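Trainee: What follows is a single structure, and I will ask about it in a moment.
The values are calculated or read from the model by the stated rules, or taken from the named source; none is laboratory data. Only a predicted model underlies this, so the values are computations on that prediction, with no experimental measurement involved. Cβ coordinates were reconstructed from backbone atoms using ideal geometry, including for glycine residues, and neighbour counts include every protein chain displayed. All accessible areas refer to the heavy atoms of the entire protein, side chains included, with ligands and DNA or RNA removed. Shrake-Rupley method; radii C 1.70, N 1.55, O 1.52, S 1.80 Å.
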Amino acid sequence: MSHTVEILSVGTELLLGSIVNSDAQALSRELSSLGLNVLYHSVVGDNPGRLRAAVELARGRADVMITTGGLGPTCDDLTKQTLAGCFGKKLVFHPECAQAIRDFFARMGKEMTDNNLQQAYLPEGCRVLDNAWGTAPGCAFEAGGTYVVMLPGPPSECLPMFRERALPWLARLSEGVIRSRTLRVFGMGESAVESLLRERMNALTNPTLAPYAKEGEVELRITAKADTPEEADALIAPVEAEVHGLLGELVYGADVSGLPQVVLEGARARGLTLGTAESCTGGLIAKRITDVPGAASVFKGGVVSYHCEVKAGVLGVSQALLDEKGAVCAEVAEQMAQGARRALGCDLAVSVTGVAGPDPDERGNPVGLVYTALAAPDGCWTKELHLAGAGARRDRIRALAANHALDMARRWLEKR
């Protein structure tokens, strides 16, 4: 029997947009690895009537229901009570859960209020899912052909509880595994990638190949279903090789977080350090690099030379050049990269200068005109970009400019 899953997220704050529903995304990925098909995501507020209606809808179209949120101690935490009622179960007090809650508060050095013990009441006959990351235990049970798992809402509790507690309980439902391989592509838009691969994508059934547009780049996800992880990987491998053959060096990585990770790993493997000099991107490249754990072993630092005085005074860009051509030209980008390499004492430095908009600059340079440069031990290279496109926003131009600078470094590293 093929099982179908609905993830039901409970919380008015999700409907109001106060927080992002990252739980559903994370759980869908985890469930795919079990070979369980997630067909629906639902979100409902902290209202017992609407929650009850959502549960009845879910149990009518899926045989596995996973809820997140609404297990806490406050009056609007109604998930357990409502689901217990829907499935004809009483709530039963679990002394061991109560003690775990008391122990948690003791470890935190905080006083526990009595309402926290409400979290120790769980549906009769359920499998208790201990919460080592917070106070609210989860639970799992089967009733009338529906498998129910209830998890707390905070992502720091939800995902580890699923992996460590719920996943072993659900594993018995698995009929094989689903494996995915995500290839990252930069330098060709989604429509062009889709056009190039359309015939192949339409012909594939297992594995499948699908494109996903990201900020300034494209993801290609190859997904296979098989009895074992090894068999699934064997299905994925020839498709991955085919994509590499068609797109070549436009594919910059597989199962990586982005260009910053690839550049950092490439530099680290070669014993090289990195620096940045940014104008129109305002530190975005440095920010993205330092978002990657372990960046300190490679990244020396960055200079945000937004004003020409900083370009000249800190990076050593020729004042005569700035007076003659302004800040937006290939020569300034080159001198910025060289100046960053010198000032920061790094092996590689990338630079960006350009017009992000919304208006042309004082010299009439159009929005989207950007120059990037890479300074390395064996030379310096520049690239002229026209990124405005069809009404491109300021933030998109900045993101694309950052990607192009990082991609210059990535390509240089791959050839060394």
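Trainee: Report every pair of residues separated by at least 6 positions or lying on different chains whose Cβ atoms are under 6 Å apart, first residue within region 306-331 and over 14 Å from Leu369 (Cα atoms), second among the acidic types (Asp, Glu) and buried (at least 16 other Cβ atoms within 10 Å of the Cβ).
Mentor: From residues that are over 14 Å from Leu369 (Cα atoms), the pairs are Leu321/Glu331.
Trainee: Looking at Val177, Val185, Val193, which is the one that is within 18 Å of the chain's Cα centre (by Cα), over 30 Å from Ala120 (Cα atoms) and open to solvent by less than 30 Å² (accessible area, probe 1.4 Å)?
Mentor: Details: Val177 fails: within 18 Å of the chain's Cα centre (by Cα); Val193 fails: within 18 Å of the chain's Cα centre (by Cα).
On inspection, the qualifying residue turns out to be Val185.
Trainee: Do we have any residue at all in region 203-216 that's aromatic (Phe, Trp, Tyr) and open to solvent by 40 Å² or more (accessible area, probe 1.4 Å)?
Mentor: Yes, there is a match, as at least one residue in region 203-216 is aromatic (Phe, Trp, Tyr) and open to solvent by 40 Å² or more (accessible area, probe 1.4 Å).
Trainee: Name the single residue that is nearest to Ser156 (Cα to Cα) among those in region 1-49 being among the hydroxyl-bearing types (Ser, Thr, Tyr) and not in a helix (DSSP H, G or I).
Mentor: Step one: of region 1-49, the residues among the hydroxyl-bearing types (Ser, Thr, Tyr) are 2, 4, 9, 12, 18, 22, 28, 32-33, 40, 42.
From the residues that got through so far, the ones that are not in a helix (DSSP H, G or I) too are 2, 4, 9, 18, 40, 42.
Details: Ser2: 30, Thr4: 26, Ser9: 15, Ser18: 17, Tyr40: 23, Ser42: 21 Å.
My answer is Ser9.
Trainee: Of Val10, Val55, Val43, Val20, which residue is touching a Leu at 6+ places or on another chain (Cβ under 9 Å), aliphatic (A, V, I, L, M) and within 18 Å of Ala136 (Cβ to Cβ)?
Mentor: It is Val10.
Condition check ((1) free of Cβ contacts under 8 Å to residues at least 60 places away in the same chain; (2) farther than 20 Å from Arg59 by Cα) across all residues:
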residue	(1), (2)
Phe93	yes, yes
Gln99	yes, yes
Phe104	yes, yes
Asp114	yes, yes
Arg127	yes, no
Gly134	yes, yes
Val148	no, no
Gly153	no, yes
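Trainee: Just the residues that are closer than 15 Å to Lys80 by Cα, touching a helix residue (DSSP H, G or I) at 6+ places or on another chain (Cβ under 7 Å) and either surrounded by fewer than 18 Cβ atoms within 10 Å (Cβ to Cβ) or not small (Gly, Ala, Ser) (or both), please, taken from region 131-146.
Mentor: Across region 131-146, the qualifying residues are Thr135, Pro137.
Trainee: Looking only at region 257-272, count every residue that is open to solvent by 30 Å² or more (accessible area, probe 1.4 Å) and either among the β-branched types (Val, Ile, Thr) or closer than 23 Å to Glu194 by Cα (or both) and tell me the total.
Mentor: Residues that pass the stated criteria total 1.
Trainee: Looking at Asp407, Asp359, Asp378, Asp395, can you tell me which residue is farther than 12 Å from Cys329 by Cα, crowded, with 23+ Cβ neighbours inside 10 Å and not aliphatic (A, V, I, L, M)?
Mentor: On the way: Asp359 fails: crowded, with 23+ Cβ neighbours inside 10 Å; Asp378 fails: crowded, with 23+ Cβ neighbours inside 10 Å; Asp395 fails: crowded, with 23+ Cβ neighbours inside 10 Å.
Testing whether each residue is farther than 12 Å from Cys329 by Cα, crowded, with 23+ Cβ neighbours inside 10 Å and not aliphatic (A, V, I, L, M) leaves just Asp407.
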